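Data first, discussion second: the structure below is written as C-alpha cells.
Every number in this text was worked out from the coordinates using simple rules, so none of it is lab data. The shown structure was predicted, so the numbers you read here are calculated from the model rather than taken from an experiment. Positions of Cβ are backbone-derived with ideal geometry, glycine not excepted, and every protein chain shown enters the neighbour counts.
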Amino acid sequence: MNTNQPDQATADPSGAPGVSVPDARRRRTILITVCIALMAVIASVSGLNVAQPDLAVAFGASQRTILWIINIYTLGLAALLLPLGAIGDRLGRKPMLLAGLTVFGVASAAAGLAPSAEVMLAARLFSGVGAAMIMPITLAVITSTFPAEERGRAIGVWTGVAGGGGVLGMFLSAALVDVASWRWLFVLPVALVVVALVMALRSVPDSRAASGHPFDNVGALTSVVAVVGLIFVLQEGPERGWTTPVTLLGLVVGVVAAIGFVVWELRRGETALLDVRLFGRRTLAGGSITLLVVFGVQAGIFVVLFPFLQAVLGLSGLVSTLALMPMAVLMMAASGLAPRLAARVGPRATMATGIFLAGAGSALMAALVSVDGGYLSVLPGMLLMGIGMGVSMTPSTEAITSALPQESQGVASALNDVTREFGTALGVALLGALLSSGYRDAIDSRLAGVPQGPADTAREGVANALDVANRTGPHAQTVIQAARESFVDGWQQAMWAGVAVMAALFLYVLARGPQSPTHTTANEPKPEPEPEPADTTTR
C-alpha cells in the first residue's frame with residue numbers, strides 16, 4: 001500500500017489551520033495500525049486466564065502467585081496510563097507508540113521464555129508498562145489525525161476492538177493452550193507488535209503538544225499511587241478479605257492519594273496533568289460514568305459466564321470462549337454503527353439506547369438462566385447485551401476525548417482507558433462477591449445429609465463442589481446438582497444487581513448525558529480559553 005501520497009492541506013481535527021491531514025488511504029492504514037497495536041494490549045489482559053493450571057504446574061507456584069502474574073500486568077497498565085499519556089502528548093505520539101511497542105514486544109517475548117515465576121512476574125510488569133505507553137496513544141492518534149466528520153467512525157472501530165478484542169484474545173489463547181502450550185500464548189502479541197511496528201514506522205504521523213509549562217510531576221506521582229492503591233484493593237480484597245490489614249492499608253493509601261491528586265490538580269488549574277474542573281461538564285462526566293458502569297457490568301458478567309459454561313455446563317475452555325464470540329461480534333459491529341446513530345439522534349439518546357439494551361439483556365439472562373436450559377437460556381440476553389454495550393461505548397469514548405483540548409489528547413485517551421480499567425476491576429470484585437455470597441446462601445439448604453467435610457468444601461465454590469463430589473460416595477449426584485443450582489441462584493443475584501446499576505445509569509444519562517459530541521451546551525459552564533499553543537502534526 002502506498003502511504004506516501006500527498007496529504008490534504010486542510011485544517012487539523014481541532015480546527016487549527018495550516019496543519020496537514022493525511023489522505024483517506026493513509027488514514028485507513030493509520031486506523032488499522034493502531035487497532036493492531038490495541039489488539040496486542042487487549043489480548044494480553046485476559047489471555048493468561050485460560051492457562052492458570054498450566055502456569056501453576058510449570059512454575060510450581062501457588063494460586064496467589066499465579067493471580068499476581070495475571071494481575072500485575074493490569075496494575076502496571078492502569079497505574080501509568082495518565083502520566084505516560086501526558087508524556088506522549090509532549091514528546092510526540094509516534095515516538096511514544098514505537099517505544100511502547102518495543103518495550104511490550106520484548107517483555108512479551110521474555111514472558112514466553114520465562115524459566116521461573118519471578119522472571120514471569122517481572123516480564124508481565126514491563127509488559128504492563130509497554131501497554132500503558134501504547135494504549136492511550138492509539139486513541140490519541142485517531143483523535144489528532146482524523147477530521148471531525150470521520151472521527152466518530154474511527155473511534156467506533158477503536159471501541160469495537162477494545163470491547164470485543166478481549167474475547168477474541170481469550171479464544172485464540174485457549175486454542176493455543178489446547179494445541180500447543182501456554183508459552184505459545186505470547187506468540188500472538190509479539191506477532192501483532194511486529195506488524196504494528198512496521199506499519200507505524202511507515203504510516204503514523206507524529207503529533208505533539210507545544211507546552212509552555214513544566215510537567216506536573218506531583219500530579220503524575222499521586223495519580224500512580226492512587227490507582228495502584230485502589231486497583232490493589234479491588235484485586236486482592238476478594239482473595240485476602242476486605243477487612244484484612246493489607247487490604248485496608250491499600251484502601252487508605254489509594255483514597256488519600258486520590259484526594260491529594262484532586263486537590264493538587266485544582267491548584268494547578270490549566271497547567272494540571274488533568275484539569276479535574278472539566279468533570280463539572282456533562283460531556284466528560286457522562287462519558288466517564290457510562291464507561292465505568294458498562295465495563296464494570298461487562299467484566300462482572302464474564303466472571304459469571306465462564307464458570308457457568310465450564311463448571312455448570314461442562315464445556316471446555318476453548319468451547320466456552322467460542323460461546324462468547326457471538327456477543328463479542330455483535331458488540332464490535334454495534335460499535336461501528338453507533339456513530340451513525342449518534343449523528344442522527346444525538347449522543348445522549350444513543351448512549352441511553354445502548355444502556356437500555358444492555359440492561360434489558362442483563363435482565364433477560366437473570367430471568368431465563370437455568371441448569372436445564374443450558375447455553376440457550378443465556379444466549380438471547382448475551383446478544384442483546386453485546387448490541388447495547390457496543391452502541392453505548394462509542395459515544396461515551398468520543399464524549400471523553402472531545403471534552404479535553406486537542407493538545408491533551410494523550411491524557412484524554414488515558415482517562416478513557418483508566419475509566420475502563422477501574423470499571424473492569426469494580427465489576428469483577430463486586431459482582432463476583434455477590435455471586436459467591438448468593439452461592440453460599442443457596443447451597444446450605446441443599447446439602448442435607450452430605451458429610452461435614454465434603455459439604456464445607458462444596459460451600460467454597462462450584463468448582464470445589466464438583467471436585468469433591470467424587471469423594472462423597474452415594475451423595476455425589478446430590479452435591480453436583482446442589483452446586484449447579486446454587487450457582488444459578490448466585491448468578492441471578494449478581495445479574496439483578498447489574499440490572500439495577502444499569503437502570504440507575506439509564507436515568508442519569510437521560511438527565512445529564514452529553515447533548516453535543518464536541519461542545520458544551522448553553523446550560524454548561526464554558527471552559528476558560530486554553531493558553532497553550534495548538535497541537536502540531538508532522539508527517
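With one equal scatterer per alpha carbon and no solvent term, the Debye-computed log10 I(q)/I(0) for segment 108-228 at 0.10, 0.23 1/Å reads -0.46, -1.39. With a Förster radius of 25 Å, plug the Cβ-Cβ distance of residue 202 and residue 106 into 1/(1 + (r/R0)^6) and report the FRET value to the nearest 0.05. Taking R0 as 25 Å, the efficiency between residue 202 and residue 106 is 0.75. Each other residue within a Cβ distance under 13 Å of residue 98 adds +1 if Lys or Arg and -1 if Asp or Glu, for a net charge of +2. Seen from all directions on average, segment 347-389 presents a Cα convex hull projection of 2.5 nm². Ranked from largest, the principal axis spans of the Cα set of segment 49-161 equal 54, 28, 21 Å. How much net charge surrounds residue 53 when only the other residues with a Cβ under 14 Å from the Cβ of residue 53 are counted, with Lys and Arg +1 and Asp and Glu -1? My count for the surroundings of residue 53 gives -3. Summing Lys and Arg as +1 and Asp and Glu as -1 over all other residues whose Cβ lies under 12 Å from the Cβ of residue 114 gives a net charge of +1.
Would you please state which residues of segment 183-221 a label at residue 25 would reach in this model, taking the label point 7 Å out along Cα→Cβ and a backbone N cut-off of under 19 Å? Output list for this probe position: 199-205.
If you average the C-alpha positions of segment 31-85 and of segment 283-349 separately, how far apart do those two centres end up, in angstrom? Answer, in whole Å: 19. Between residue 54 and residue 213, residue separation times 0.36 nm minus the direct Cα-Cα distance comes to 52.2 nm. Rounded to 0.05, the FRET efficiency of the residue 191 and residue 62 pair, given R0 = 41 Å and the Cβ-Cβ distance, is 0.85. The calculated Kirkwood hydrodynamic radius for segment 379-511 is 17.8 Å, given to one decimal from all distinct C-alpha pairs. Quick check: pseudo-label points 7 Å beyond the Cα along Cα→Cβ at residue 436 and residue 367, how many nm apart are they? So the label points at residue 436 and residue 367 sit 3.1 nm apart.
Placing a pseudo-label 7 Å from each Cα along the Cα-to-Cβ vector at residue 456 and residue 183 gives an inter-label distance of 4.1 nm. Only Lys, Arg, Asp and Glu carry charge here, each on its Cβ (+1 for the first two, -1 for the last two); on that basis the chain has a dipole of about 640 debye about its Cα centre. One quarter of the surface of the convex hull around the alpha-carbon atoms of segment 240-333 equals 9.7 nm², the direction-averaged projected area. With the convex hull drawn around the C-alpha atoms of the chain, the volume per residue stands at 141 Å³.
Computed extension gain for residue 464 through residue 496, at 0.36 nm per residue and net of the alpha carbon distance, reaches 9.0 nm. When only alpha carbons of segment 309-436 are considered, Rg and Dmax amount to 16.8, 55 Å. Please report the base-10 log of the normalised intensity I(q)/I(0) for segment 173-273, using a Debye sum with one equal scatterer per alpha carbon and no solvent, at each q in 0.10, 0.14, 0.21 (1/Å). Reported log10 I(q)/I(0), two decimals: -0.60, -0.88, -0.92.
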